[in-house]
């Protein structure tokens with residue numbers, strides 16, 4: 001891999017290659033000077049090679065050290081990958097542009113015919129820089145320089161403009177001086193030096209909840225529910241129920257829950273301060289290694305209608321006002337709707353936790369409508385399921401508008 005003298009080595013090799021190209025064009029020599037000094041120092045005719053920019057290659061800077069002799073687990077530092085950009089300019093003492101064009105053509109032809117430095121050329125011409133040891137060969141290619149950029153370059157040189165062409169040398173890798181972190185070899189790998197033993201199992205080794213198993217589409221206050229999971233008896237369990245809007249957190253433990261390795265049974269508290277909607281259920285286990293918490297699973301909780309349905313409502317100027325009372329409170333920030341037939345009616349603004357909601361249905365038509373309450377996506381129950389019979393709608397969950 002190249003050392004810090006790689007830039008100098010590539011420049012010298014490029015100078016020698018250009019010199020070969022212009023040997024038959026008068027007594028032209030190739031110099032490596034800044035353009036202002038080259039203009040002042042020319043004797044008859046020269047071709048000046050000037051390194052005007054060095055950039056870092058974005059791809060190679062993230063690549064590991066190529067060709068490094070390292071052991072598994074050791075990661076060498078990436079090399080410093082450089083792109084060298086040169087300006088090739090002919091200078092003629094008497095300012096003869098035709099001769100300058102001839103010299104420039106000879107120089108460009110040489111770089112066109114020999115567009116890279118082979119390992120042999122790198123080894124013979126620049127052995128002190130170890131450029132020949134790098135994995136990538138150094139390729140020479142012309143680059144386009146815009147009129148604006150060339151104008152800025154020559155303004156910075158503070159000398160009169162001369163016809164020039166740009167080339168880049170890519171890629172020059174400079175090895176890092178920092179060593180590769182290398183840990184000592186492992187003496188033994190487990191019992192009897194057998195290495196790690198892997199036993200496949202579809203079941204995870206940690207506590208996990210898979211789903212909430214409820215009798216209906218939701219659970220009401222005071223109703224039982226079951227959480228299915230795995231490894232739920234790793235330690236004393238506490239069921240924690242949280243809601244994004246309801247400030248009160250429910251924690252059930254001890255005799256209030258029943259736990260087996262694959263399920264947890266509990267009842268949702270009959271507490272009016274709690275709210276309907278989607279709750280999150282997680283199990284906290286006190287293990288000898290510390291507290292372990294399962295993932296959360298959604299638990300749909302119905303607000304429960306206690307009054308207002310069934311009901312007969314009289315319209316006033318085409319608006320039917322339907323009051324509904326709930327078993328659990330509805331909190332500010334929750335979205336409550338009354339689904340009257342196929343119509344969705346939004347509750348009047350909720351400014352505080354309440355169990356009394358008001359719905360105003362505009363342009364209500366007379367009729368009997370199957371009605372359900374929806375709080376945060378959880379609907380009240382309107383289906384009756386009896387063993388051995390097909391499900392039917394609950395006729396009591398209707399509103400009559402007159």
| query | Between residues in segment 21-32 that are in the same structural domain as residue 11 (by TED's automatic domain parsing) and on the phi > 0 side of the Ramachandran plot and residues that are in a strand (DSSP E or B) and crowded, with 21+ Cβ neighbours inside 10 Å, which pairs lie under 8 Å by C-beta distance while being six or more apart or on different chains? | reply | 26/45
| task | Please indicate, with yes or no, whether at least one residue in segment 32-47 is within 17 Å of residue 142 (Cβ to Cβ) and either in contact with a helix residue (DSSP H, G or I) (Cβ under 6 Å, 6 or more places away or on another chain) or assigned to a helix (DSSP H, G or I) (or both). | result | yes
| query | Can you name every residue in segment 48-63 that is modelled with pLDDT under 80 and closer than 19 Å to residue 6 by Cβ? | reply | 60, 61, 63
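If you take the residues of segment 375-384 that are in a strand (DSSP E or B) and within 36 Å of the chain's Cα centre (by Cα), which of them is surrounded by the fewest Cβ atoms within 10 Å (Cβ to Cβ)?
The selected residue is 378.
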| Can you find even one residue in segment 245-254 that is closer than 30 Å to residue 337 by Cα, out of contact with any helix residue (DSSP H, G or I) (no Cβ under 7 Å at 6 or more places or on another chain), assigned by TED's automatic domain parsing to the domain that holds residue 294 and not in a loop (DSSP other than H, G, I, E, B)? | yes
| message | Can you tell me which residue is modelled with the lowest pLDDT among those in segment 309-322 that are surrounded by fewer than 19 Cβ atoms within 10 Å (Cβ to Cβ), touching a strand residue (DSSP E or B) at 6+ places or on another chain (Cβ under 6 Å) and more than 15 Å from residue 349 (Cβ to Cβ)? | response | 310
| task | Run down 312, 346, 351, 368 and say which single residue is farther than 25 Å from residue 219 by Cα, without any contact (Cβ under 8 Å) to a residue 40 or more places away in the chain and not in a loop (DSSP other than H, G, I, E, B). | result | 368
| note | Given the conditions (1) closer than 30 Å to residue 333 by Cα; (2) in a strand (DSSP E or B), every one holds for residue 271 apart from (2)
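Per-residue answers, yes or no, for (1) in a loop (DSSP other than H, G, I, E, B); (2) at pLDDT below 70; (3) in contact with a strand residue (DSSP E or B) (Cβ under 7 Å, 6 or more places away or on another chain):
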{"residue": "173", "(1), (2), (3)": "no, no, yes"}
{"residue": "177", "(1), (2), (3)": "yes, no, no"}
{"residue": "192", "(1), (2), (3)": "no, no, no"}
{"residue": "197", "(1), (2), (3)": "yes, no, no"}
| query | Out of segment 133-149, which residues are at pLDDT 90 or above, surrounded by 15 or more Cβ atoms within 10 Å (Cβ to Cβ), out of contact with any helix residue (DSSP H, G or I) (no Cβ under 6 Å at 6 or more places or on another chain) and not in a loop (DSSP other than H, G, I, E, B)? | reply | none
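Look through 264, 274 and report the one residue that is under 14 Å from residue 212 (Cβ atoms) and not assigned by TED's automatic domain parsing to the domain that holds residue 325.
Numbers: 274 fails: under 14 Å from residue 212 (Cβ atoms).
Sole residue among the options that is under 14 Å from residue 212 (Cβ atoms) and not assigned by TED's automatic domain parsing to the domain that holds residue 325: 264.
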| request: Determine whether residue 300 is within 21 Å of residue 374 (Cβ to Cβ), in a loop (DSSP other than H, G, I, E, B) and touching a residue at least 12 places away in the same chain (Cβ under 8 Å). | output: no
| remark: In segment 91-126, residues that are within 46 Å of the chain's Cα centre (by Cα), assigned to a helix (DSSP H, G or I) and either surrounded by 18 or more Cβ atoms within 10 Å (Cβ to Cβ) or not assigned by TED's automatic domain parsing to the domain that holds residue 140 (or both) total 3
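Specify the residue that is nearest to residue 369 (Cα to Cα); the eligible residues are those in segment 328-343 that are surrounded by fewer than 20 Cβ atoms within 10 Å (Cβ to Cβ) and touching a residue at least 24 places away in the same chain (Cβ under 8 Å). I'd like the intermediate steps shown before the answer.
The initial filter retains those residues of segment 328-343 that are surrounded by fewer than 20 Cβ atoms within 10 Å (Cβ to Cβ), namely 332-333, 335, 337, 339, 341-343.
Okay, now just the ones that are also touching a residue at least 24 places away in the same chain (Cβ under 8 Å), so 332-333, 335, 337, 339, 341, 343.
On the way: 332: 28, 333: 28, 335: 21, 337: 15, 339: 9, 341: 5, 343: 9 Å.
Ranking the candidates gives 341 first.
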| Among residues of segment 64-87, those that are more than 18 Å from residue 3 (Cβ to Cβ) and either in contact with a helix residue (DSSP H, G or I) (Cβ under 6 Å, 6 or more places away or on another chain) or modelled with pLDDT under 80 (or both), counted | 7
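The values are calculated or read from the model by the stated rules, or taken from the named source; none is laboratory data. Remember, it's a predicted structure, so these values are computed and weren't measured experimentally. Cβ: placed from backbone, ideal geometry, glycine included. Neighbour counts: every protein chain shown.
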